[in-house]
1. If you take the residues in region 156-172 that are of a type in the set (V, I, T) and touching a residue at least 40 places away in the same chain (Cβ under 8 Å), which one is surrounded by the most Cβ atoms within 10 Å (Cβ to Cβ)?
2. If you take the residues in region 50-73 that are surrounded by 20 or more Cβ atoms within 10 Å (Cβ to Cβ) and within 23 Å of G87 (Cα to Cα), which one is nearest to the chain's Cα centre (by Cα)?
3. If you check A111 against the conditions, is it out of contact with any helix residue (DSSP H, G or I) (no Cβ under 8 Å at 6 or more places or on another chain) and free of Cβ contacts under 8 Å to residues at least 60 places away in the same chain?
4. Quick one: is G76 part of a helix (DSSP H, G or I), surrounded by 17 or more Cβ atoms within 10 Å (Cβ to Cβ), free of Cβ contacts under 8 Å to residues at least 60 places away in the same chain and not β-branched (V, I, T)?
5. Just one of (1) at pLDDT 90 or above; (2) within 17 Å of the chain's Cα centre (by Cα); (3) under 20 Å from I82 (Cβ atoms); (4) surrounded by 16 or more Cβ atoms within 10 Å (Cβ to Cβ) trips up A181, so point out which.
Amino acid sequence: MTLLLCLIFFLSGAAALLFETLWFHQAGLALGSSVAASSLVLGGFMAGLALGSWIGRRAGDRVLSPVRLFIALELGIALSGIALVLGLPALAPSLAPVLAPLADRPLALGAARFALAFALLVVPTTAMGITLPVLVRALASSDPGFAPSLSRLYGWNTLGAVLGVVGVEVLAIEAFGIRGAALVAGAANLTAAALVLPLRARSVAPADRESASPTPGTSGAAASATAAAFVAGFVLLAF
């Protein structure tokens, strides 16, 4: 079962970064391809992930079937991700008149680009942010020994992300084109959704979830950890 979980996390990470790289290619046509524009698109992507993680953490206890939700989210990511790849270039004629008057006002132009990037990416990236917290919470609640495996699973997720970026740039686009690469990313999402089906038997019943949930840390410790994570993320993305 551990190998299956690693493969699910690997495919989910690979699909996310496959889509992100393709969105960068396509968003450059609509929002600009400069370093500043690309950074703001990345900011919109990360903001969606953060929102999804927050929703997944807050709503995790109220989800009756985390595995079903994970499957639905992976399907949603595949469909909305492919739609974005296909639709972003068509937005360029509509967005150009909105952004052109801001060309001499860098702060306003940056804010507009970030808002547009977030609005365009919010559906798939929020779904991406929800998937792992929901699945991890379900598995941790049903298996007291799950916690030590968490870093390994996130490691596989990150490895999938790395290979997703490399694969789309080196292989997928050249072999299948932009649209074909989007279908490859969607197929990775669908495969992860299919592979998670055997985990349904390990889902926690709603009545047991509260007692199975780990005891939260003290508010002071939680605040310190949150602040440390915020600063680490800030520094990493700034570099």
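1. If we take residues in region 156-172 being of a type in the set (V, I, T) and touching a residue at least 40 places away in the same chain (Cβ under 8 Å), then V168 is surrounded by the most Cβ atoms within 10 Å (Cβ to Cβ).
2. Looking at residues that are surrounded by 20 or more Cβ atoms within 10 Å (Cβ to Cβ) and within 23 Å of G87 (Cα to Cα), I get G52.
3. yes
4. It is true that G76 is part of a helix (DSSP H, G or I), surrounded by 17 or more Cβ atoms within 10 Å (Cβ to Cβ), free of Cβ contacts under 8 Å to residues at least 60 places away in the same chain and not β-branched (V, I, T).
5. (2)
The values are calculated or read from the model by the stated rules, or taken from the named source; none is laboratory data. All figures in this text were calculated on a predicted structure; none of them were measured in a lab. Please note: Cβ atoms are built from the backbone with ideal geometry, for glycine as well, and neighbour counts cover all protein chains shown.
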